[in-house]
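Since the structure comes first, as structure tokens, the remarks are kept for the end.
The values are calculated or read from the model by the stated rules, or taken from the named source; none is laboratory data. Nothing here was measured: the structure is a model prediction, and the numbers come from that model. FYI the Cβ positions are ideal-geometry reconstructions off the backbone, even for glycines, and counts take in every protein chain you see. What goes into the accessible areas is simple: the full protein's heavy atoms, side chains included, and nothing from ligands, DNA or RNA. Shrake-Rupley method; radii C 1.70, N 1.55, O 1.52, S 1.80 Å.
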Amino acid sequence: MSDWWKDAAIYHIYPRSFQDTNGDGIGDLPGITQRLDYLSWLGVDALWMSPVYPSPMADFGYDVSDHCDIDPMFGTLADMDALIAKAHRLDLKVIMDFVPNHTSDEHPWFQASRSSRDSPKRDWYYWKDPGPNGGPPTNWLSRFDGESAWAWDEATEQYYLHTFLKKQPDLNWRNPEVREAMCDVLRFWFDRGIDGFRVDVAYRVMKDPDFRDNPVNPDWTPDMDPSFRVHETRTKNIRDAHRFNRWIRSVADEYDDRVLVGEMNLKIPELVDHYGTPEAPEFHLPFNFRLVFSPWTAENVRALVDEYEAACPDHGWPNWVLSNHDQPRFATRAGRAQARCGALFVLTVRGTPTLYYGDELGMQNVDIPREQVQDPWEVLSPGLGLGRDPERTPMRWDATEHAGFCPPDADPWLPVGASARVQNVALQRKDDASMLRFVKRLLALRSEHHALRRGTCRTLTAPNEVLLYERAGEADRFFVALNFSGSAQTVALPQPAQRLLSTRMDTADVSVETQLSLRPNEGVLLRAETNRP
């Protein structure tokens with residue numbers, strides 16, 4: 001086993017928004033294949049694609065109607081095979097999304113399940129009689145609108161469970177037939193050459209077997225996410241989630257060098273449980289979302305690094321991410337002045353980094369006019385800031401119409417944003433001091449130096465507004481200093497070091513003594529001078 005995923009930098013693609021080649025305004029697989037040379041040039045090692053399976057698109061592909069094919073919107077199985085083949089020629093790994101919690105209500109399995117109470121597939125989903133009061137069986141709530149997670153089926157006079165949209169009924173993984181069918185889905189794609197899966201809402205797949213109510217949240221207020229009216233102790237991260245983890249890990253382990261990344265928004269003490277044990281391994285990478293859901297401050301990030309390093313088991317491996325397709329982009333949350341510091345952190349701290357497409361340009365959220373809203377979360381819960389369209393807007397390739405995402409006469413599914421004319425790949429490739437060039441240089445340094453990939457990591461004493469940490473290997477020692485403030489800072493280093501890279505892209509190869517001066521919002525990567533005390 002090579003454990004390639006420990007060294008890899010993963011690039012997250014939202015396929016609808018990466019590259020449109022047929023002029024329908026929606027990205028497709030040939031578009032991703034066309035842009036693989038860019039990913040190779042950038043220096044990432046793997047790409048992860050959000051779902052491209054056949055789907056009615058009620059939730060943009062997370063409502064799967066066929067797990068073993070490609071939606072015509074994105075292309076064909078032959079297009080996927082071509083993408084995999086070219087990626088592998090370029091030494092890029094390919095990671096797909098696996099959606100185990102639910103299917104589309106148009107999936108043949110659910111169509112059979114709802115056809116009658118006597119259907120052989122009835123128990124493939126959760127069907128329950130009304131509760132004692134004649135209403136839903138439990139108080140479980142849908143994540144999208146905060147209403148009941150149980151939908152009434154008039155024909156069979158029972159409720160079915162849907163954690164998300166009514167068109168996304170939950171699969172019953174306690175049924176051995178469901179387990180085998182879904183594990184065969186993994187095998188189908190592994191056999192086609194897929195290198196791994198990011199597993200959607202992995203910690204929600206298993207539900208309380210006794211169907212007990214969730215505790216009511218006494219602190220909920222109407223301006224909050226409506227699904228927060230209860231604490232999801234019966235429907236999220238229950239102990240049986242680890243059984244699910246082991247079921248799918250056993251399939252991945254039938255193959256060489258495959259990776260499973262589990263989506264789970266959990267605090268670090270809960271998160272690290274999902275590595276499993278050496279004897280019963282679970283996820284290679286339980287996705288660490290702490291930077292997505294907590295403040296970008298030196299104090300907080302330092303605490304997270306210390307907590308994660310202490311909690312991660314010896315058989316585990318850390319991972320970090322700043323942005324994704326469900327949450328505001330990092331440059332919007334932290335501000336553009338800190339965008340490069342964020343990239344410096346995620347590409348030099350110990351663990352596997354995941355970059356969201358466009359973050360290498362410093363892309364921010366795009367305001368979506370109400371008449372152009374696409375996301376069902378925003379449609380069902382308007383005005384609460386839950387809509388995900390702003391972070392899903394098209395990739396910016398150049399300064400032409402629609403930023404080169406689709407032909408000029410096409411209508412992109414979401415607006416590219418006015419700033420695309422001055423913030424795009426073509427312009428930043430020409431600018432040696434651009435953020436794109438900065439990220440490319442960072443990725444090259446990470447690839448070049450073993451200590452930046454596999455070395456130890458520990459935080460060091462620094463001023464309150466500065467994060468300072470060390471990456472150390474057998475031969476090399478590096479320091480990373482990040483100034484989170486808008487004022488200059490002075491940092492004491494443990495030993496003299498040479499600047500390799502600054503977020504300003506203007507001070508490489510400058511030797512410094514043990515006093516490091518940081519400009520406002522500046523981050524610096526330094527290499528210790530090992531021949532000096």
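Please work out which residue is farthest from ILE26 (Cα to Cα), limiting yourself to the stretch 370-382 and to residues that are open to solvent by 50 Å² or more (accessible area, probe 1.4 Å) and touching a residue at least 24 places away in the same chain (Cβ under 8 Å).
As a first pass, look at the stretch 370-382 and keep what is open to solvent by 50 Å² or more (accessible area, probe 1.4 Å): 370-372, 374, 379-380, 382.
Of the ones still in play, those that are also touching a residue at least 24 places away in the same chain (Cβ under 8 Å) are 372, 374, 380.
Values: GLN372: 14, GLN374: 13, LEU380: 23 Å.
Checked the stretch 370-382; the qualifying residue farthest from ILE26 (Cα to Cα) is LEU380.
What number of residues within the stretch 252-279 satisfy the criterion of being at pLDDT 95 or above, at negative phi and within 22 Å of the chain's Cα centre (by Cα)?
Selection size over the stretch 252-279: 17.
When the residues of the stretch 122-132 are filtered to those that are in contact (Cβ under 8 Å) with a residue 12 or more places away in the chain and part of a loop (DSSP other than H, G, I, E, B), which remaining residue is nearest to PRO209 (Cα to Cα)?
TYR126
Scanning the stretch 83-121 for residues that are open to solvent by 50 Å² or more (accessible area, probe 1.4 Å) and outside any loop (DSSP other than H, G, I, E, B), which turns out farthest from TYR14 (Cα to Cα)?
Among those residues, the one meeting the criterion is GLN111.
Where in the stretch 1-51 are there helices (runs of 4 or more DSSP H), lying wholly inside it, with at least 2 residues that are within 19 Å of ASP398 (Cβ to Cβ)?
29-34, 36-42
Condition first: in contact with a Phe, Trp or Tyr (Cβ under 7 Å, 6 or more places away or on another chain) and of a type in the set (Phe, Trp, Tyr). Now tell me which residues in the stretch 12-47 satisfy that.
TYR14, PHE18
Mind checking whether some residue in the stretch 296-311 is touching a residue at least 12 places away in the same chain (Cβ under 8 Å), under 22 Å from TRP4 (Cα atoms) and surrounded by fewer than 19 Cβ atoms within 10 Å (Cβ to Cβ)?
Among the residues of the stretch 296-311, at least one is touching a residue at least 12 places away in the same chain (Cβ under 8 Å), under 22 Å from TRP4 (Cα atoms) and surrounded by fewer than 19 Cβ atoms within 10 Å (Cβ to Cβ), which makes the answer yes.
So TRP124 fits all but one of (1) in contact with a Lys or Arg (Cβ under 6 Å, 6 or more places away or on another chain); (2) within 20 Å of ALA155 (Cα to Cα); (3) open to solvent by less than 40 Å² (accessible area, probe 1.4 Å); what number is the exception?
Every listed condition holds for TRP124 apart from (1).
Run down VAL199, VAL216 and say which single residue is over 23 Å from HIS325 (Cα atoms) and among the hydrophobic types (A, V, I, L, M, F, W, C).
Answer to the selection: VAL216.
Which of the residues that make up the stretch 322-336 are among the hydroxyl-bearing types (Ser, Thr, Tyr) and either open to solvent by 10 Å² or more (accessible area, probe 1.4 Å) or outside any loop (DSSP other than H, G, I, E, B) (or both)?
THR332
Can you tell me which residue is surrounded by the fewest Cβ atoms within 10 Å (Cβ to Cβ) among those in the stretch 65-81 that are touching a Pro at 6+ places or on another chain (Cβ under 8 Å) and among the hydrophobic types (A, V, I, L, M, F, W, C)?
ILE70
Step by step: first the residues of the stretch 157-179, then only those that are of a type in the set (A, V, I, L, M, F, W, C) and in a loop (DSSP other than H, G, I, E, B), then the one that is nearest to SER142 (Cα to Cα). Which residue is that?
Only one residue tops the list, namely PHE164.
Would you check which residues across the stretch 62-82 are assigned to a loop (DSSP other than H, G, I, E, B), touching a helix residue (DSSP H, G or I) at 6+ places or on another chain (Cβ under 9 Å) and not aliphatic (A, V, I, L, M) and list them?
Listed by number, the residues that qualify are SER65, ASP66, HIS67, CYS68, ASP69, PHE74, GLY75, THR76.
List the pairs whose first member sits in the stretch 383-401 and is on the phi > 0 side of the Ramachandran plot, whose second member is surrounded by fewer than 18 Cβ atoms within 10 Å (Cβ to Cβ), and whose Cβ atoms are under 9 Å apart, counting only residues at least 6 apart or on separate chains?
GLY385/PRO328
Could you tell me whether SER2 is at pLDDT below 95, open to solvent by 10 Å² or more (accessible area, probe 1.4 Å) and either among the polar types (S, T, N, Q) or within 18 Å of the chain's Cα centre (by Cα) (or both)?
Numbers: at pLDDT below 95: yes; open to solvent by 10 Å² or more (accessible area, probe 1.4 Å): yes; either among the polar types (S, T, N, Q) or within 18 Å of the chain's Cα centre (by Cα) (or both): yes.
Answer is yes for this residue.
(1) buried (at least 20 other Cβ atoms within 10 Å of the Cβ); (2) modelled with pLDDT of 95 or more; (3) of a type in the set (D, E, K, R); (4) assigned to a loop (DSSP other than H, G, I, E, B): which one isn't true of ASP59, the others all being true?
Evaluating ASP59 over (1) buried (at least 20 other Cβ atoms within 10 Å of the Cβ); (2) modelled with pLDDT of 95 or more; (3) of a type in the set (D, E, K, R); (4) assigned to a loop (DSSP other than H, G, I, E, B) leaves (2) as the failure.
Tell me the residue from TYR255, TYR275 that is out of contact with any Leu (no Cβ under 6 Å at 6 or more places or on another chain) and surrounded by 20 or more Cβ atoms within 10 Å (Cβ to Cβ), please.
Numbers: TYR255 fails: surrounded by 20 or more Cβ atoms within 10 Å (Cβ to Cβ).
Unique residue meeting the criteria: TYR275.
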